[in-house]
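The values are calculated or read from the model by the stated rules, or taken from the named source; none is laboratory data. Values in this document were obtained by computation on a predicted structure and should not be read as measured data. Virtual Cβ from ideal backbone geometry, glycine too; neighbours counted across all protein chains shown. Quick note on the areas: whole protein, heavy atoms, side chains included, nothing else; ligands and nucleic acids left out. Shrake-Rupley method; radii C 1.70, N 1.55, O 1.52, S 1.80 Å.
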Amino acid sequence: MSNAQQQTILVFGDSLSAAYRMPRTSGWVHLLQQELQRTYPQYKVVNASISGETASGGSRRIAYALRQHSPSIVIVELGANDGLRGAPIADIEANLSSIIRQSEKSNRKVLLVGIQIPPNYGKQYTSQFKAIYPRLAQRHRIELVPFMLDNIQPEQFQADNLHPTASAQKQIMQTILARLKLLL
């Protein structure tokens, strides 16, 4: 299939999607591209993820990424860095909502990828943070991966206990692909 006929899936995330501290070819986004080449060759994956990116930064950057890549599907995986910085829940939600709204223009489909933050931020903040993703998915009527790191074992995390190792990337890809298939 020629590149002109391919549809683009834009992965718009942070270090969890940017293959932090590992070769990019080991990350879940690259593994997703390989899987789609085999099963859905009409799609190509573009990774516009940046380590350290926030929902705030993403809301300012999304318009350019959409123009540059013209995706038919946008996978939004942001908010973790906002949460780790203790940003107000309302601000995180508003910025993610802005990214979703901008992505939905021109009939782009959106897959929202949920994340959770460590419990040391307090029960109230961590539960409010976790609730952002299902609330946005319901409000915008979009597909949701409730938690991208579901079923990742403690030994599959790097020393920081935040970033998965290369051994976890296939499981992350499969978790995301299960919901992405609903949009393909």
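The table that follows gives values for the structure above.
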read-out: Only one of Val46, Val11 that is touching an Asp or Glu at 6+ places or on another chain (Cβ under 9 Å) and in a strand (DSSP E or B); value: Val11
read-out: Pair list, Cβ under 7 Å, 6 or more apart: the stretch 96-124 residue under 14 Å from Phe12 (Cα atoms), other residue open to solvent by 10 Å² or more (accessible area, probe 1.4 Å) and of a type in the set (Lys, Arg); value: Leu111/Arg179
